[in-house]
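The values are calculated or read from the model by the stated rules, or taken from the named source; none is laboratory data. Nothing here was measured: the structure is a model prediction, and the numbers come from that model. Counting neighbours? That spans all protein chains shown, and the Cβs are built from the backbone with ideal geometry, glycine included. Protein only, heavy atoms only, side chains kept; ligands, DNA and RNA dropped before computing areas. Shrake-Rupley method; radii C 1.70, N 1.55, O 1.52, S 1.80 Å.
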Amino acid sequence: MILVFGGNGQLGQELAAQARASAARSVPLVALSRSDADIADADAVRRALAAHKPLLVVNAAAYTKVDLAETEVEAARQGNEIGPKLLAQACAEPGVPLIHISTDYVFDGTKTGPYLETDPIAPTGSYGCSKAAGEAAVRAANPRHVIIRTAWVYGAFGNNFLKTMLRLAATRDELRVVADQHGCPTSTADLAVAILSVAPRLIAGEDVWGTYHFAGAGVTTWHGFASRIVAAQAPLTGRSPPVTAITTADYPTPARRPANSALDCAKFARAFGIRARPWEDETDRITRALVSAQLGKAAHVA
Ligand SMILES: NC(=O)c1ccc[n+]([C@@H]2O[C@H](COP(=O)([O-])OP(=O)(O)OC[C@H]3O[C@@H](n4cnc5c(N)ncnc54)[C@H](OP(=O)(O)O)[C@@H]3O)[C@@H](O)[C@H]2O)c1
């Protein structure tokens with residue numbers, strides 16, 4: 001079976017949902033929440049591996065509060081460096097392969113064009129630094145690893161930018177969104193399907209270990225992403241507030257984010273034959289599904 005840590009997060013919940021949807025043809029999956037197993041607790045990690053005896057572990061757990069990480073440096077280190085290190089060490093002992101998820105924020109954003117796996121990392125904030133340290137710890141502790149760097153993650157579960165924009169579109173007369181940071185919005189559905197497709201090949205011991213990029217196809221800005229979300233919800237809600245482009249300087253945040261964190265995903269496609277869908281298609285699909293569910297619930301209550 002596949003054992004997922006961080007089962008209550010956006011990706012963790014999507015992995016469980018996608019595994020259920022494809023139960024007949026996939027390896028069974030168990031998702032553990034933080035209260036089941038804290039990855040920064042060596043005993044809890046060992047106990048979980050001993051109890052479940054997984055064929056493969058997916059680490060979907062992480063400290064993901066990019067701005068708070070600037071002050072909660074130790075919490076970010078525990079979740080993003082110490083936790084992955086303990087997990088990788090515990091997997092290495094019985095030879096269990098580990099899929100570990102990392103981020104586009106390990107790059108400083110100064111490159112023109114999408115980042116390759118071989119480009120030098122240079123994180124600009126505490127979150128990116130802690131994730132970079134986590135990658136290094138996984139590589140050092142367990143050679144049987146696949147590290148997947150992804151970006152701008154959104155989906156049906158948990159909290160994300162898409163849900164924030166839906167809330168603002170419902171309540172504000174104008175949305176002001178940063179238009180000078182470029183990246184690849186990635187749906188949890190695409191990412192989970194990719195992870196579940198790779199898993200059997202790692203369980204079979206195929207020599208595909210290493211670091212990969214996997215993100216939604218195409219590149220946009222937060223402003224482009226927000227505009228697409230607002231346009232997709234408008235026919236269902238009747239609300240269409242303008243989305244105004246602003247600069248990073250207009251919206252100062254504690255953490256400095258890369259101006260360009262687009263990821264080149266060709267290596268993943270070559271190795272595993274999978275590419276994510278265009279970010280526009282997934283944004284439209286998920287926006288419509290979330291808004292329809294909300295409207296359905298409201299109609300049911302009324
Ligand atoms: N979100 C993005 O835009 C984005 C972008 C690039 C890469 N990523 C990476 O993608 C992966 C999945 O992210 P996500 O968006 O699904 O994050 P998420 O929704 O914030 O979920 C992370 C989960 O990990 C749990 N967690 C935190 N510390 C833990 C610990 N010590 N032990 C066990 N569980 C712990 C959290 O629990 P609590 O809620 O209780 O803390 C939460 O349920 C992460 O590696 C993240 O760095 C995310």
- Query: Picking from ALA156, ALA189, ALA170, which residue would you name as being of a type in the set (A, V, I, L, M), open to solvent by less than 30 Å² (accessible area, probe 1.4 Å) and out of contact with any strand residue (DSSP E or B) (no Cβ under 7 Å at 6 or more places or on another chain)?
  - Reply: ALA189
- Item | Considering residues of region 152-192 that are of a type in the set (S, T, N, Q) and in a strand (DSSP E or B) only, the residue farthest from GLY128 (Cα to Cα) | SER187
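Looking for whichever is at negative phi, touching a strand residue (DSSP E or B) at 6+ places or on another chain (Cβ under 7 Å) and part of a strand (DSSP E or B) here; the options are ARG139, ARG149. Which one fits?
Working: ARG139 fails: part of a strand (DSSP E or B).
So the residue among ARG139, ARG149 that is at negative phi, touching a strand residue (DSSP E or B) at 6+ places or on another chain (Cβ under 7 Å) and part of a strand (DSSP E or B) is ARG149.
Would you check if there is a residue in region 221-241 being within 14 Å of the ligand (Cβ to nearest atom) and either open to solvent by less than 60 Å² (accessible area, probe 1.4 Å) or closer than 24 Å to ALA62 by Cβ (or both)?
The answer is yes; a qualifying residue exists.
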- Here are some conditions: (1) crowded, with 22+ Cβ neighbours inside 10 Å; (2) more than 15 Å from the ligand (Cβ to nearest atom); (3) among the polar types (S, T, N, Q). ASN80 meets all but one. Which one does it not meet? (2)
- Message: Where the second residue is of a type in the set (Asp, Glu) and more than 13 Å from the ligand (Cβ to nearest atom) and the first is in contact (Cβ under 8 Å) with a residue 60 or more places away in the chain and lies in region 171-200, which pairs have Cβ atoms under 8 Å and are six or more apart or on separate chains?
- Response: ARG176/ASP250; VAL178/ASP250; PRO185/GLU282; SER187/GLU282; ALA189/GLU282; ASP190/GLU282
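A quick yes/no check of all residues on (1) free of Cβ contacts under 8 Å to residues at least 24 places away in the same chain; (2) under 20 Å from VAL219 (Cβ atoms); (3) acidic (Asp, Glu):
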site	(1), (2), (3)
TYR63	no, no, no
GLY79	no, no, no
LEU87	no, no, no
GLY109	no, yes, no
PRO114	no, yes, no
GLU117	no, yes, yes
ARG144	no, no, no
- Task: Take the residues in region 1-21 that are more than 8 Å from the ligand (Cβ to nearest atom) and part of a strand (DSSP E or B), then tell me which one is surrounded by the most Cβ atoms within 10 Å (Cβ to Cβ).
- Result: VAL4
- Note on the structure: Note on PRO252: of the conditions (1) at pLDDT 95 or above; (2) out of contact with any Gly (no Cβ under 8 Å at 6 or more places or on another chain), unmet is (1)
- Query: Has region 267-280 got any residue that is within 30 Å of GLU70 (Cα to Cα) and open to solvent by less than 40 Å² (accessible area, probe 1.4 Å)?
  - Reply: yes
- Per the filter on region 22-70, residues in a loop (DSSP other than H, G, I, E, B), of a type in the set (S, T, N, Q), open to solvent by less than 40 Å² (accessible area, probe 1.4 Å) and at pLDDT 95 or above are SER33
- Query: Within region 86-111, can you find the residues that are among the β-branched types (Val, Ile, Thr) and within 15 Å of the ligand (Cβ to nearest atom)?
  - Reply: ILE99, ILE101, THR103, VAL106
- Does region 140-151 contain any residue that is within 17 Å of the chain's Cα centre (by Cα), surrounded by fewer than 18 Cβ atoms within 10 Å (Cβ to Cβ) and at pLDDT 95 or above? no
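If only one of ALA298, ALA199, ALA232 is part of a helix (DSSP H, G or I), under 25 Å from PRO97 (Cβ atoms) and not polar (S, T, N, Q), which one is it?
Details: ALA298 fails: under 25 Å from PRO97 (Cβ atoms); ALA232 fails: under 25 Å from PRO97 (Cβ atoms).
Exactly one residue qualifies, and that residue is ALA199.
Go through ALA140, ALA133, ALA156, ALA170 for me and flag whichever is among the small types (Gly, Ala, Ser) and closer than 25 Å to ARG275 by Cβ. So that I can check it myself, show each step before the final result.
Details: ALA140 fails: closer than 25 Å to ARG275 by Cβ; ALA133 fails: closer than 25 Å to ARG275 by Cβ; ALA170 fails: closer than 25 Å to ARG275 by Cβ.
Checking each option against the conditions leaves just ALA156.
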